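This report concerns only the one structure given below.
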Ligand SMILES: [Mg+2]
């Protein structure tokens, strides 16, 4: 059975918002030559370009940006689903940002993207130290979980997920990474889809795609990872790219 490999980006292929590690990228290039590969990121195309080398972006079959609301191939957007969010939803998001007891605000707290609204207490301008500080705050207070609950209670037609390390993504109900599963299966109806993500459990932003794949067939495979190094290690053991003929046996 053909394998189609699908990867979340932040926390799975790269550290959050950081470029891909050089050794991992070198291995990944070989993987791109042997398997149909898709990337699925909450970020937009511009941010993805800062993280993933150009030849890998060109080599993959598609990049789903903005949580699956855009599909890019070789630098061209094939589709884009936009949504206009109600003002009182944006207002609630800003109110939640202002209510947080976390002391730092770096700017860009409520950011519209294609099909989603990205909300971050510390703000998208946060540097590495500020991000880390917020990650500790969130781990201690489960702040993002509380924000998600508050939003979904007031706006039941919308859903929210933790995105990356410091933000949540709000989208119309059903507009999540899960929709990517349908597109993948229609493009590769007979393949086994292997999905790697770092936010599959606890309602993370990879959970809708993982769940959709599980519902579409038990032959699909979902792998939760803790960090890019773990993704790299699993790929090296499961998809040996340098051994020619064993390559197919290695993925059984
Ligand atoms: Mg991730």
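No lab work stands behind these numbers, since they all come straight from the coordinates. Predicted model, so just to flag it, every value in this text is computed and none were measured. Every residue, glycine among them, receives a Cβ derived from its backbone with ideal geometry; neighbour counts consider all protein chains shown.
Counting beta carbons within 10 Å around each of 193, 148 and listing the fewest first gives the order 148, 193.
Each residue in 113, 187 was given a count of other beta-carbon atoms within 10 angstrom of its own, and listing them fewest first yields 187, 113.
Computed from label points 7 Å out along Cα-Cβ, the spacing between residue 234 and residue 201 is 1.3 nm. When the convex hull of its Cα atoms is viewed from all sides, segment 87-172 shows a mean projected area of 5.0 nm². Between the helical axis of 228-238 and the longest alpha-carbon principal axis of the chain there is an angle of about 20 degrees.
Size of segment 118-252: Rg and Dmax of its alpha carbons, in Å, are 17.7, 56. Within 10 Å of each residue's Cβ, count the other Cβ atoms and sort 124, 132 from fewest upward. Sorted ascending by nearby Cβ count, the order is 132, 124.
When all alpha carbon pairs of the chain are counted in 10 Å bins from zero, the resulting P(r) reads 7, 32, 36, 18, 6, 1 %.
Spin-label model, residue 214/residue 77: points 7 Å from Cα along the beta carbon direction are separated by 3.3 nm.
Relative to the longest principal axis of the Cα atoms of the chain, the long axis of helix 207-216 lies at roughly 50 degrees. Return the percentage of antiparallel bridges among DSSP beta bridges fully within the chain, rounded to the nearest 5 %. The answer is about 55 percent antiparallel. Can you give the FRET efficiency to the nearest 0.05 for residue 87 and residue 190, using r as the Cβ-Cβ distance and R₀ = 45 Å? Calculated value: 0.45.
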